[in-house]
Amino acid sequence: MSVSAGQGVHPTITVLHGDDQPQLSGLEHVRLAHDAATLAAALPGTEVLLVWDFLSDAVHDAWPAADAGLRWVHTASAGVDRLSFPGLAGSAVTVTNSRGVFDTPIAEYVLGLVLAMAKDLPTTLALQARREWRHRDAEQVAGATAVVVGGGPIGRAVARLLRAVGMHVELVGRAAAPGRHGFDELPVLLPRAGWLVLAAPLTEQTRGMVDAAALAALPAGARVINVARGALVDEAALVAAVRLGRLGGAALDVVATEPLLPSSPLWELPGVIISPHMSGDTHGWRAALVDAFIANLDRYRAGQPLHNVVDKRLGYVTDGPDGSI
């Protein structure tokens, strides 16, 4: 799928931003919007929409204002779940994402979480704060089995780093392929997963996939790491599994409601690490996102096929090395 425009065209671009705005110096005909109302006012006449605030629902809420002039929506994220609504999915508008920007940073974050939990670093830091010297034994990660759910670039990057420290990794994607299991094989893999890492997009197929039954299938003491979307996990079931001692812990960079409510029991559960949706955000990530958009904008202006075109029916890019995630 592609869109085309004449050489040298300067399309009208609307940017949906949150607390910060992308640095788009040098671009002409740029409009700014920060919520559904301002986006609805800006959309008529807009040809390109940059969704910088990728956690906003404003595109959905303002969509009736979109006219036939809108041709391309680009999101500054890998996930496109906020854009997966019938109005956009059923339109002729092309959607692209920022695949490739976050792969290595998220993989490094996952590896850091695995090592932190296996070596019990949270307890070490807590003891240090109390000036308490208490020897403990730690776990070895080499030889442990990790099931990584998400066969796209992020999941593959996670698998590479975990294998580099000697872990046995089973990669799971939408459909089976060489070196990768399909989602239908997950129930067979869970009983031997000491680590369950979630790096899949949020789709109807993945929503709630880690439910009470999936958690019960994990071996005692297993850990769950979620760097995908909070809605992949039944949080009530996760809380119950940790409280009962079935799980050894969890690391959640994403939760169902963000920011995580102060009243959530997840804050104080033993063995649970909470981080504020930051696994892919390393120094320079905003500039990298702008560069990815500008590179695609240059292709758009030249009438060339865009990179990272999302299959709006499936909810992710399908032109990877194996054709799908």
Worksheet item: With (1) within 24 Å of V224 (Cα to Cα); (2) assigned by TED's automatic domain parsing to the domain that holds A251 as the list, and S77 as the residue in question, which single condition is left unmet?
Response: (2)
Discussion item. Contact list please: Cβ distance under 8 Å, first residue in the stretch 205-228 and hydroxyl-bearing (S, T, Y), second residue outside any loop (DSSP other than H, G, I, E, B), pairs at least six apart or on different chains.
Written reply: T206/V149; T206/F183; T206/L232
Worksheet item: Just checking, how many residues over the stretch 209-248 are over 22 Å from the mean Cα position of the chain (by Cα), within 28 Å of Y316 (Cα to Cα) and part of a strand (DSSP E or B)?
Response: 0
Fill in: Tabulated pairs, the stretch 126-137, first modelled with pLDDT under 95, second not in a loop (DSSP other than H, G, I, E, B), C-beta under 8 angstrom, 6+ apart or interchain
none
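Quick check, is R31 in contact with a helix residue (DSSP H, G or I) (Cβ under 7 Å, 6 or more places away or on another chain) and of a type in the set (D, E, K, R)?
Numbers: in contact with a helix residue (DSSP H, G or I) (Cβ under 7 Å, 6 or more places away or on another chain): yes; of a type in the set (D, E, K, R): yes.
Yes.
Being charged (D, E, K, R) and either under 23 Å from H10 (Cα atoms) or at pLDDT below 95 (or both) is the filter here, so list the residues in the stretch 32-52 that pass it.
Here is the first cut: in the stretch 32-52, the ones charged (D, E, K, R) are 35, 47.
The answer is E47, and nothing else.
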Worksheet item: Under the condition of being acidic (D, E) and not in a helix (DSSP H, G or I), which residue from the stretch 167-208 is farthest from L111 (Cα to Cα)?
Response: E204
Discussion item. Give me the helices (runs of 4 or more DSSP H) completely within the stretch 41-137, filtered to those with at least 1 residues that are more than 18 Å from the chain's Cα centre (by Cα) and not aliphatic (A, V, I, L, M), ordered by residue number.
Written reply: 58-62, 86-89, 121-129
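The values are calculated or read from the model by the stated rules, or taken from the named source; none is laboratory data. Given the structure is predicted, the values throughout are model-derived calculations rather than measurements. So basically every Cβ, Gly included, is an ideal-geometry build from the backbone, and we count neighbours across all protein chains shown.
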